[in-house]
Amino acid sequence: MKVIIGDHEEISRLIADEFIQQIHQKPNSVLGLATGTSPLEVYANLIKANKEKRISFKDVTTFNLDEYIGLDGSHNQSYRYFMNASLFDHVDIDKNNTHVLKGVGDYRAYANQYDEEIARSGGIDLQILGIGSDGHIAFNEPDTPFDSLTHIADLTESTIRDNSRLFKDISEVPTKAVTMGLKSIMNARKIVLIACGENKAPAIKDLLEAPISEKNPCSILRNHSDCTIYVDSDAYSKVTNK
Ligand code: F6R
């Protein structure tokens, strides 16, 4: 696993460059996307590259990692809303080719077919991940089986607390989500993870140094053959073997 250390702006640009290169090499790439604060600057770089005609999303397909159960795509805290506002509305992508798990209605049926749909599209070429302060990737909380596919997950108290910053009140934060599983993520051909800030330091230490175990979901990434971790110095600060 490669580790790249830089400030937030720098690593966001480097990750955006990975996406740009990927789309140049394969204009009909299948991209795995994340929500949250961590990838926002990456998406801003991709919007800029698209406006400057350095890349086109015309033939790109995307799959997002997760969605809150109970929130419709028009809710301003849903991940569909986030993706439209942070990327899709600003680039030349065909929204029919953007997939975000459903949080309402027949969300179970959609979740059950999500991995097959990814496979039918040819599999994810490049997946971006953030990481939770408890080491989750997507919403795979500690003790999620390593062989999990897309499923319904209970959010831990720490995740609910972390995510409450975006809601008016903690009581409004959904307690369940539908999420790609750890195996679904590991199926991607290439993975990049971005983490910034001191509150991510324990998770980054565990990702790089704790035993590979289901107690520590992000540790599975050490088994991937092409995974790069992009961190700022605060997120890297607790790693001992530098
Ligand atoms: C979001 C996701 C989550 C976040 C993680 C970090 O799609 O899968 O795992 O990546 O909770 O969130 P931020 O970036 O807001 O700190």
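The values are calculated or read from the model by the stated rules, or taken from the named source; none is laboratory data. Note that the structure is a prediction, hence the values are computed from the model and not measured. Ideal geometry is used to build each Cβ from the backbone, glycine not excepted, and the neighbour counts take in all protein chains shown. What goes into the accessible areas is simple: the full protein's heavy atoms, side chains included, and nothing from ligands, DNA or RNA. Shrake-Rupley method; radii C 1.70, N 1.55, O 1.52, S 1.80 Å.
Of all residues in the stretch 59-68, count the ones that are within 12 Å of the ligand (Cβ to nearest atom) and of a type outside the set (Phe, Trp, Tyr).
Number of matching residues: 4.
State whether the residues of the stretch 148-163 include one that is among the acidic types (Asp, Glu), closer than 28 Å to Tyr236 by Cβ and part of a helix (DSSP H, G or I).
Looking for residues that are among the acidic types (Asp, Glu), closer than 28 Å to Tyr236 by Cβ and part of a helix (DSSP H, G or I), one finds at least one in the stretch 148-163, hence yes.
Filter the stretch 185-206 for residues that are assigned to a helix (DSSP H, G or I) and more than 13 Å from the chain's Cα centre (by Cα) and give the result.
Hits for the stretch 185-206 are Glu198, Asn199, Lys200, Ala201, Pro202, Ala203, Ile204, Lys205, Asp206.
Does Glu214 satisfy the condition of being farther than 28 Å from Lys102 by Cα, acidic (Asp, Glu), open to solvent by 50 Å² or more (accessible area, probe 1.4 Å) and at pLDDT 95 or above? Write out each step before concluding.
Details: farther than 28 Å from Lys102 by Cα: no; acidic (Asp, Glu): yes; open to solvent by 50 Å² or more (accessible area, probe 1.4 Å): yes; at pLDDT 95 or above: yes.
So Glu214 fails the test.
Among the residues of the stretch 51-58, is any farther than 23 Å from Ser225 by Cβ, within 14 Å of the ligand (Cβ to nearest atom) and either at pLDDT 95 or above or not hydrophobic (A, V, I, L, M, F, W, C) (or both)?
No, the stretch 51-58 contains no residue that is farther than 23 Å from Ser225 by Cβ, within 14 Å of the ligand (Cβ to nearest atom) and either at pLDDT 95 or above or not hydrophobic (A, V, I, L, M, F, W, C) (or both).
For Asn84, only one of the following conditions fails: (1) open to solvent by less than 70 Å² (accessible area, probe 1.4 Å); (2) in contact (Cβ under 8 Å) with a residue 12 or more places away in the chain. What is its number?
(2)
Restricted to the stretch 190-211, and to residues that are more than 16 Å from Ser12 (Cβ to Cβ) and in contact with a Leu (Cβ under 7 Å, 6 or more places away or on another chain), which residue is surrounded by the fewest Cβ atoms within 10 Å (Cβ to Cβ)?
Lys190
Yes or no, residue by residue, for (1) more than 13 Å from the ligand (Cβ to nearest atom); (2) more than 30 Å from Asn28 (Cβ to Cβ):
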site	(1), (2)
Gly103	no, no
Ala111	yes, no
Asp162	no, yes
Val173	no, yes
Asn199	no, yes
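Looking only at the stretch 96-115, how many residues end up being without any contact (Cβ under 8 Å) to a residue 60 or more places away in the chain and part of a loop (DSSP other than H, G, I, E, B)?
4
What number of residues within the stretch 20-39 satisfy the criterion of being closer than 30 Å to Ser164 by Cβ and open to solvent by less than 70 Å² (accessible area, probe 1.4 Å)?
Final tally of qualifying residues: 8.
Which of the following residues is within 16 Å of the ligand (Cβ to nearest atom), at pLDDT 95 or above and among the hydrophobic types (A, V, I, L, M, F, W, C): Val30, Val42?
Only one candidate qualifies: Val42.
What about Leu71, is it within 16 Å of the ligand (Cβ to nearest atom), open to solvent by 10 Å² or more (accessible area, probe 1.4 Å) and within 21 Å of Gly132 (Cα to Cα)?
Yes, satisfied.
How many residues does the stretch 137-154 hold that are within 13 Å of the ligand (Cβ to nearest atom) and either among the hydroxyl-bearing types (Ser, Thr, Tyr) or surrounded by 24 or more Cβ atoms within 10 Å (Cβ to Cβ) (or both)?
Residues flagged as within 13 Å of the ligand (Cβ to nearest atom) and either among the hydroxyl-bearing types (Ser, Thr, Tyr) or surrounded by 24 or more Cβ atoms within 10 Å (Cβ to Cβ) (or both) within the stretch 137-154 amount to 6.
Please pick out the residue among Thr179, Thr240, Thr159 that is of a type in the set (S, T, N, Q) and touching a residue at least 60 places away in the same chain (Cβ under 8 Å).
Numbers: Thr240 fails: touching a residue at least 60 places away in the same chain (Cβ under 8 Å); Thr159 fails: touching a residue at least 60 places away in the same chain (Cβ under 8 Å).
Exactly one residue qualifies, and that residue is Thr179.
So Ser225 fits all but one of (1) open to solvent by less than 30 Å² (accessible area, probe 1.4 Å); (2) away from the ligand (no atom under 13 Å from the Cβ); (3) without any contact (Cβ under 8 Å) to a residue 12 or more places away in the chain; what number is the exception?
(1)
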